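See below for the structure under consideration.
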Amino acid sequence: MHADQLSGKKIILGVTGGIAAYKACWLTRELIKRGAEVKVVMTPSALQFVQPLTFSSLSKNEVVVNIFPDNQNNGTSMKTWHIDLVRWADLMIIAPCTVNTAAKIAAGISDNALLTVVLALRSPLLIAPAADIDMYENKITQKNFRTLEDMGYSIVKAEKGELASGLEGGGRMADINKIADAAEVILLGYKRDLHNKKVLVTAGPTNEDIDPVRFIGNRSSGKMGYNIAKAAYLRGAEVTLISGPVSESIYPEVKVISIRTAEEMKKAVDAEMVNNDILIMAAAVADYKPIKISDRKLKKEDNLDMIKLTQTEDILSTLKVSGKKVIGFALETDNETENARKKLKNKLLDMIVLNSLKDKNSGFEHNTNKITVIHKNGEQIDFPLESKFRAANRIISEILK
Ligand code: CTP
């Protein structure tokens, strides 16, 4: 986590009456943790699931429930709170958004405080639906969500899984981290500019076995590649992620192919390349592997000089593609740009992303990165130290430039 994520952003969180309302408490915390200020508006049905006190305690702000405030002095004082609120906000999120609220928004109804805010809203609106499977998949519901999308509202689709009713299927509210990531993409000003594009991302290290116990590896955590996969998905792409052994998690909509070795990664990339428009090779592929993998554990007494190494095949250099965009990475400690430019040329890349290990918060294992992008035409852009999610979005925008 890095404070630059939603720092200084003002978010209205609308909570409607579904069991996922309890997750909106976690979402409030997550948004605040990422630096945002949050003000919560609840529908009357949401009160059946969570108390306003929970949200006011978490957000440190008053929670709006009623259209007409209690203390209006018998109508003698006017309070246009909803107008003040919409003018304050950079973004509104409705999570969970019930099918009822979605239908009302689509129809322009404003019979509660939350809907009044939606109608008056000047900033973008992000909707995270939640419902039981039959209500969610109902034709009218689906039509309403399509209408909302056509109106320009953003939707983080519900996920498949176990539902509160005990049924299995679509309708579970998206993970709160994914909702917060989607909010960040919108607030950074990015659109669904990868819509209809298929993006292949590689991430993490490869492990080259020495014996049944040991391997040659590297310190790649996979964070950069996973953040690229997330950003690409949220910007509309269909994403396939070929991942080495890492402990990062990814959205359920991203197809993951798990591999261990450079050879397995090469096979997977070669097989998937035909189905994709863009390859982003963020993986730290091992350059060397043992010539022979011992089938028994090597002992101290064994002469370790017996581990002879051979080069792995270079995946990018041996790629057979045309008409696709290919992006490589370079991690350098010396003569950084010069080495990156050489790799860009030798590996016939469209663009290369240079990670520097010189900045102490950049590179392996960190949540932040300082990248330099170099295009095929020689153009070079240096970006500041920022979260890997922001860096991932920069990379995507540069690819689309
Ligand atoms: N790469 C690859 N296949 C390999 C090794 C690297 O496709 N066997 C890719 C990486 O995924 C990265 C780019 O090539 O996108 C550059 O990787 P890097 O390790 O920086 O460069 P190398 O070519 O391995 O050169 P060196 O390690 O000598 O710097």
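The values are calculated or read from the model by the stated rules, or taken from the named source; none is laboratory data. The shown structure was predicted, so the numbers you read here are calculated from the model rather than taken from an experiment. Positions of Cβ are generated from backbone atoms using ideal geometry, with glycine treated the same way; all protein chains shown enter the neighbour counts. What goes into the accessible areas is simple: the full protein's heavy atoms, side chains included, and nothing from ligands, DNA or RNA. Shrake-Rupley method; radii C 1.70, N 1.55, O 1.52, S 1.80 Å.
Test T310 against the criterion of being surrounded by fewer than 11 Cβ atoms within 10 Å (Cβ to Cβ), closer than 27 Å to F215 by Cα and within 13 Å of the ligand (Cβ to nearest atom), and give yes or no. The answer is yes for T310. Residues of segment 370-385 include none that is part of a strand (DSSP E or B), out of contact with any helix residue (DSSP H, G or I) (no Cβ under 8 Å at 6 or more places or on another chain) and buried (at least 16 other Cβ atoms within 10 Å of the Cβ). Taken over segment 320-348, residues that are assigned to a loop (DSSP other than H, G, I, E, B) and near the ligand (Cβ under 8 Å from one of its atoms) amount to 1. Note on segment 53-169: enclosed strands (runs of 3 or more DSSP E) holding 1 or more residues that are open to solvent by 60 Å² or more (accessible area, probe 1.4 Å) are 159-162.
If the condition is being open to solvent by 10 Å² or more (accessible area, probe 1.4 Å) and of a type in the set (G, A, S), then segment 196-221 contributes G217, S220, S221. Checking the structure you have, find out if any residue of segment 170-180 is within 29 Å of I396 (Cβ to Cβ), out of contact with any Phe, Trp or Tyr (no Cβ under 9 Å at 6 or more places or on another chain), assigned to a loop (DSSP other than H, G, I, E, B) and of a type outside the set (F, W, Y). Yes, the conditions are met somewhere in segment 170-180. The set of residues from segment 9-45 being among the small types (G, A, S) and either modelled with pLDDT under 95 or within 19 Å of the chain's Cα centre (by Cα) (or both) comprises A24, G35, A36.
Per the conditions (1) within 11 Å of the ligand (Cβ to nearest atom); (2) without any contact (Cβ under 8 Å) to a residue 60 or more places away in the chain; (3) not aliphatic (A, V, I, L, M), the sole criterion not satisfied by D305 is (1).
Considering segment 238-283, and only residues there that are in a helix (DSSP H, G or I) and within 20 Å of L349 (Cβ to Cβ), the residue that is farthest from the ligand (Cβ to nearest atom) turns out to be E272.
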